[in-house]
1. Of Gln259, Gln123, Gln318, which has the largest mean-square fluctuation in a 10 Å C-alpha GNM of the chain?
2. Specify the inter-centroid distance of region 186-232 and region 354-379, based on alpha-carbon positions, in whole Å.
3. Using the Karplus equation 6.51 cos²θ - 1.76 cosθ + 1.60 (θ = phi - 60°), what ³J(HN,Hα) coupling, rounded to whole Hz, does each residue of region 148-156 give in order, writing x for Gly and Pro?
4. What are the residues whose amide H is under 5 Å from the amide H of Tyr6, where those residues sit 5 or more places off or on another chain and H is modelled from the backbone?
5. Tell me the mean residue ellipticity at 222 nm calculated for the chain from its helices only (DSSP H runs of n ≥ 4, each -39500 (n - 2.57), averaged over every residue, nearest 500).
6. Mind giving me the nanometre distance, one decimal, between the label points for Arg267 and Leu341, set 7 Å out from Cα along Cα→Cβ?
7. HN-Hα J couplings of region 32-41 from phi, Karplus 6.51/-1.76/1.60, θ = phi - 60°, integer Hz, Gly and Pro as x?
8. How much length is gained if the chain between Phe290 and Asn330 is pulled fully straight, taking 0.36 nm per residue apart and subtracting their Cα-Cα distance, in nm to one decimal?
Amino acid sequence: MPDTTYRVLMNGVTGRMGYRQHLLRSILAIRDEGGIPLPDGGRLQVEPVLLGRNAQKLERLAELHQIADWSTDLDAALADDAATIYFDALVTSERKKAILKAIAAGKHVFTEKPIAESVAEGQEVVDAAQRTELVNGVVHDKLFLPGLIKLKRLIDGGFFGRILSVRGEFGYWVFEGDYLPAQRPSWNYRTEDGGGMVLDMFSHWNYVLENLFGPVEAVTAKAVTHIAERWDEQGRRYDATADDAAYAIFELAGGIIAQVNSSWAVRVNRNELVEFQVDGTHGSAVAGLFGCRIQPRERTPMPVWNPDVPTTEDFRGQWAEVPDNQAFRNGFRAQWEQFLLDVHAGRAHPYDFAAGVRGLQLVDAGLRSSAEGRRIELPSRDHGVS
Ligand SMILES: NC(=O)c1ccc[n+]([C@@H]2O[C@H](COP(=O)([O-])OP(=O)(O)OC[C@H]3O[C@@H](n4cnc5c(N)ncnc54)[C@H](O)[C@@H]3O)[C@@H](O)[C@H]2O)c1
């Protein structure tokens, strides 16, 4: 069977996510392995076209990775009928208008999250896509993490009995930029540039929760800016206007309570940069990016509260690691492959723009909850656990 090649316009490839996860670890990895095998014996091959603002950087990347085409002219690139897919990893504030142009040009669209800066803007993107037959998708990378794949397997296998609660801890210390250079781009700490913890991470938490445990029905959150001044890439001081931490309680359909702390001003004292503890009547698990530890009820100790007696039990040692029984590939690549196969088959991608809007609804509700100091109910959303 002949190979089918998809020419993919990749915008924002000079950025952190665009370069490392999407270009290098996904599209180039697929290309360099000869494409994705198709059921008919052929292969789905990809041909990236690099887009951005800085010609020098694009030319250098193209040369480095043997990529034939690059351009600083989005409109001209979108006019290329041979390119059928547009990918967006721009800063969030630039995303909506670029995606709308891509849809108008008849391209299938895959994008980083969040799909826009507000629910209304996200809905505009959904509406534009729904007027076409084009396939649309938004990054749901956390679902493809080995730790969360193991967790989903435990849920599907009935390990937990009735799930009661989820406790998530996400975060690490992001340097301010004066003492040591910051390890994340400065726009993340300015609301006016599309930054903020709630906008960044509630977009993830929404799809993680709805795909593993059930849709979020209500949120109570407190978003704060712990570090009010930072230093940017050029060493200039700036006011950090965006929230850099958010402490939230999410009430899920079916009565599960999920509590998630997200912070760029916390020092890590856990095994991984994100961990979710799930407690159920028959067992508990702690899942991270890679690992997942379990404690079934048969192995649950019976601690007795007595502050006069020093702790003798090794509580952490009482958990067992779920083995790596399958080969896990990079999560971004795994979703790219699914998206490309969906485009090839002409079917909808399950993690679509509408899911992106549900993420933005949670962002909006979280920020309102924090600003108004109250619990906010979410509009009923038809997506359930699949
Ligand atoms: N899925 C994830 O886990 C994850 C993690 C981090 C970031 N993100 C998302 O990825 C996107 C990019 O984040 P990043 O950390 O790679 O940022 P980055 O600053 O490293 O990259 C941003 C890209 O946008 C381009 N850009 C900046 N301003 C622009 C403008 N005015 N016009 C056109 N292009 C512009 C830059 O040149 C660069 O290519 C964001 O939307 C962010 O929310 C996702």
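1. It is Gln318.
2. For region 186-232 versus region 354-379, the Cα centre distance is 10 Å.
3. 7, 5, 5, 5, 5, 4, 4, 4, 5
4. Gln45, Val46, Glu47
5. Computed mean residue ellipticity for the chain: -7500 deg cm²/dmol.
6. If labels sit at Arg267 and Leu341, their model points lie 4.5 nm apart.
7. 6, 8, x, x, 9, x, 9, x, 7, x
8. Length gained, Phe290 through Asn330: 13.3 nm.
Where a number appears in this text, it was derived from the coordinates with a stated rule and is not lab data. None of these values were measured; they are calculated from a predicted model. A quick note on method: Cβ atoms are made from the backbone with ideal geometry, for glycine too, and the neighbour counts reach across all protein chains shown.
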